[in-house]
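**Student:** Okay, here's the structure, questions in a sec.
The values are calculated or read from the model by the stated rules, or taken from the named source; none is laboratory data. Only a predicted model underlies this, so the values are computations on that prediction, with no experimental measurement involved. Here the Cβ is made from the backbone with ideal geometry for all residues, glycine too, and neighbour counts use every protein chain on show.
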Amino acid sequence: MVAGLKEIRTEGVLTVVFDRPAARNALTVAMRQRLEQLCAEVDGDDDIEVVVLTGTDPAFCAGADMKEIASLGRALPPTDPGRAIRGVRKPVVGAINGPCVTGGLEIALSCDFLVASELARFADTHAHLGVLPRWGMSALLPRAVGVRWAKELSATRAVIDPAEALRIGLVNHVVPHDQLEARVRSITDAIRRAPAPAVAATFELYDDGQSCSQAEALALEAERGAAWVVDLTRFGRGVGDGSP
């Protein structure tokens, strides 16, 4: 365990909680390194089926701890928690309980999908700090909301509320703050009812298809679908795809 990072394991779900509320859950180097380690271990742990990332109220995550970065200077070890999260083959759900800013937004964008509390807020301040994103923002934000919205958010440091985030496609759901945990649990329960290998393979198809033309993505689906071994015992009657 690392200070500032809670790890809660229950019923097939690993919940990682950013837990530095006085610092708006900014990530220290030790927290980032531990998060990377957890992500590397998840796929090999059969007891974990889904990962949830969230923060201790009142914030989700303010990104990297800038005071620590300033103090370390050139001694700062390289970390990329966004890449680590994206490398997890099991579903990763972001439960956005409060402000989600800059590096915190990169963490959120690296999740497979997001459920936001009504108290969530989203912003990118990289450009206003005079730095460039390093955890995936430039690739992920335009794909989530479109390049025009991405440019405006980064150039203006605009803060958007959950309703706007939902409208532009940044998050999947917005719920009352006191219902966030329950909504996320209902989603993780639904995920766990599906065969984990099929979910992982489907997500991999979606992710790989992002960098392809439509024709290439369809060919990729056909290739992998033909090689996939279907467990017919899951079907109640005969052979089919479960369609009505």
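**Student:** When only residues in region 112-152 that are crowded, with 24+ Cβ neighbours inside 10 Å and hydrophobic (A, V, I, L, M, F, W, C) count, which is nearest to residue 57 (Cα to Cα)?
**Tutor:** 120
**Student:** Please give the number of the condition residue 203 fails out of (1) assigned by TED's automatic domain parsing to the domain that holds residue 106; (2) within 21 Å of residue 88 (Cβ to Cβ).
**Tutor:** It fails just one condition, (1).
**Student:** For region 200-219, how many residues meet the condition of being in a helix (DSSP H, G or I), more than 25 Å from residue 50 (Cβ to Cβ) and either hydrophobic (A, V, I, L, M, F, W, C) or touching a Pro at 6+ places or on another chain (Cβ under 9 Å) (or both)?
**Tutor:** Within region 200-219, residues that are in a helix (DSSP H, G or I), more than 25 Å from residue 50 (Cβ to Cβ) and either hydrophobic (A, V, I, L, M, F, W, C) or touching a Pro at 6+ places or on another chain (Cβ under 9 Å) (or both) number 4.
**Student:** May I pose another question? Restricting to helices (runs of 4 or more DSSP H) lying wholly in region 1-111: which have 1 or more residues that are more than 21 Å from residue 174 (Cβ to Cβ), of a type in the set (S, T, N, Q) and more than 14 Å from the chain's Cα centre (by Cα)?
**Tutor:** Correct list: 29-42, 66-72.
**Student:** How many of the residues in region 196-218 are touching a residue at least 60 places away in the same chain (Cβ under 8 Å) and of a type in the set (Gly, Ala, Ser)?
**Tutor:** 2
**Student:** So, one more: Report yes if residue 157 is surrounded by 14 or more Cβ atoms within 10 Å (Cβ to Cβ) and at positive phi, otherwise no.
**Tutor:** Answer is yes for this residue.
**Student:** Out of the residues in region 2-60 that are acidic (Asp, Glu) and within 22 Å of residue 105 (Cβ to Cβ), which is surrounded by the most Cβ atoms within 10 Å (Cβ to Cβ)?
**Tutor:** Filtering region 2-60 for residues acidic (Asp, Glu) gives 7, 11, 19, 36, 41, 43, 45-47, 49, 57.
Going one step further and asking which of them are within 22 Å of residue 105 (Cβ to Cβ), we end up with 19, 36, 57.
Values: 19: 15, 36: 18, 57: 14.
Checked region 2-60; the qualifying residue surrounded by the most Cβ atoms within 10 Å (Cβ to Cβ) is 36.
**Student:** Now for a different question. Working only within region 153-174, note down all residues that are touching a strand residue (DSSP E or B) at 6+ places or on another chain (Cβ under 6 Å) and either among the small types (Gly, Ala, Ser) or over 22 Å from residue 58 (Cα atoms) (or both).
**Tutor:** 165, the sole residue that qualifies.
**Student:** Is it the case that some residue within region 35-42 is more than 24 Å from residue 130 (Cβ to Cβ) and of a type in the set (D, E, K, R)?
**Tutor:** At the first step, the residues of region 35-42 found to be more than 24 Å from residue 130 (Cβ to Cβ) are 35-42.
Within this subset, residues satisfying the condition of being of a type in the set (D, E, K, R) are 36, 41.
Yes, the conditions are met somewhere in region 35-42.
**Student:** While we're on this one: Residues that are among the basic types (Lys, Arg): which helices (runs of 4 or more DSSP H) entirely in region 113-199 hold 1 or more of them?
**Tutor:** Answer list for region 113-199: 137-145, 147-156, 162-167, 180-192.
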